[in-house]
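Colleague: The structure's right below; bear with me while I get my questions together.
Throughout, read-outs are computed from the coordinates displayed, never taken from laboratory work. On a predicted model such as this, the values are computed, not experimentally measured, just so you know. Here the Cβ is made from the backbone with ideal geometry for all residues, glycine too, and neighbour counts use every protein chain on show.
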Amino acid sequence: MPNTENRKHPTAKTATRRGRTDGDATRALILEAAGQLFAERGYQETTSKAICAKAGTNIAAVNYHFGSRDELYLAVMNEVMQHLLNLDYLARIAGSGDTPEQKLGQMIDGLVQGLIDERSWHPRVWAREILTPSPLIDRILETETLPRVEIAMPILAEITGLSITDVKLRYSLLGLMSPCLMLMVINPDLPTPLKPIFQRPAQEVAAHIKAFVMAGLHALAAEAR
């Protein structure tokens, strides 16, 4: 007769940990499926039913893990921004001892690499949000865009010598955002005049963008002086 006294039984803690792991895996599946569908169809045309079908989960999984389709969309947008411009990465750069030009250059390098080398769904979700804003655009700007702008603005102020409150500093932000936004919104597979750029190394593309942006910032600095 087998000895069962020393046999290990799953404890409540082990079961809870397993349940949490399974839940995290399901949540990640839903997030990935939602990202792909939002990139393909946009916010308006993507249903919870379609997301669950693609993720292979129960129809109630979106509400269970995220609360609602809107909250799932916000989670997807957070994933998009963390993928393209990770906040911790930006904060480390901003807090380093590098020159402001070096800091900004590293930020551009990281973003361009994500846009050129990684043909993922992340930029396409953001492009759709820019071109056809969802009803959640205000929340997205507040929680995702503004924190990143707040990191970049002091660096731009250092380079240009402009006050952080000077409206002219917004021109420097415009000059920084414009080329990067173009890379986001243009489909690299379409025969546009910019298609050859997406076939070039990310380092080369970033170098040209940095040269363009830095020239504009230094022009503003000279004007300020």
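Colleague: In segment 121-155, whose amide N lies under 13 Å from the spot 7 Å out along Cα-to-Cβ of ALA91? List them in ranges.
Modeller: Answer for segment 121-155: 147-148, 151.
Colleague: Under Stokes-Einstein, with the Kirkwood radius over Cα pairs standing in for Rh, what whole-number D in µm²/s applies to segment 99-202 at 37 °C and 0.692 mPa s? Working shown, then result.
Modeller: Working: Rh = 15.2 Å.
Value of D from the Cα-based Kirkwood radius: 216 µm²/s.
Colleague: I want the local charge near ASP117. Using Cβ-Cβ distances under 13 Å, sum +1 for each Lys or Arg and -1 for each Asp or Glu among the other residues.
Modeller: On the way: positive: ARG119, ARG200; negative: ASP109, GLU118, GLU204.
Summing Lys and Arg as +1 and Asp and Glu as -1 gives -1.
Colleague: Determine the dipole magnitude for segment 81-224: charges of +1 sit on the beta-carbon of Lys and Arg, -1 on that of Asp and Glu, nothing else is charged, the reference point is the Cα centre, and the result goes in debye to the nearest 20. Provide the component values of the computation, followed by the final result.
Modeller: Numbers: 12 positive and 16 negative charges, 64 e Å.
Dipole about the Cα centre, nearest 20: 300 debye.
Colleague: Rounded to the nearest 0.05, what FRET efficiency do ALA219 and GLN102 have when you use their Cβ-Cβ distance and R0 = 25 Å?
Modeller: Working: r = 19 Å, r/R0 = 0.77.
Step by step, r from the Cβ atoms, then E = 0.85.
Colleague: Can you give the Rg and Dmax of the chain based on its C-alpha atoms, in angstrom?
Modeller: That works out to 22.3, 92 Å for Rg and Dmax.
Colleague: Could I ask something else about it? Multiply the residue gap between ASN187 and GLU118 by 0.36 nm, knock off their C-alpha separation, and tell me the result in nm, one decimal place.
Modeller: On the way: separation 69, 0.36 × 69 = 24.84 nm, distance 1.32 nm.
Contour length minus the Cα-Cα distance gives 23.5 nm.
Colleague: Now for a different question. Taking +1 at the Cβ of each Lys and Arg and -1 at the Cβ of each Asp and Glu, which of GLY95, LEU174, ALA53 sits farthest along the dipole of the chain towards its positive end, judged by Cα position relative to the Cα centre?
Modeller: ALA53
Colleague: Can I ask one more? In deg cm²/dmol, rounded to 500, what helix-only [θ] at 222 nm does the chain give when every DSSP H run of at least 4 residues adds -39500 (n - 2.57) and the total is split over its residues? Provide the component values of the computation, followed by the final result.
Modeller: On the way: 11 runs with 154 residues, N = 225.
About -22000 deg cm²/dmol.
Colleague: Per the Kirkwood treatment, what hydrodynamic radius in Å, one decimal, follows for segment 36-119 from the mean inverse distance over all distinct Cα pairs? Walk me through the numbers before you get to the answer.
Modeller: Values: mean 1/r = 0.0666 Å⁻¹.
It is 15.0 Å.
Colleague: Quick one: Cα centre-to-centre distance for segment 51-128 and segment 153-225, in angstrom?
Modeller: Each part reduced to its Cα centre gives a spacing of 20 Å.
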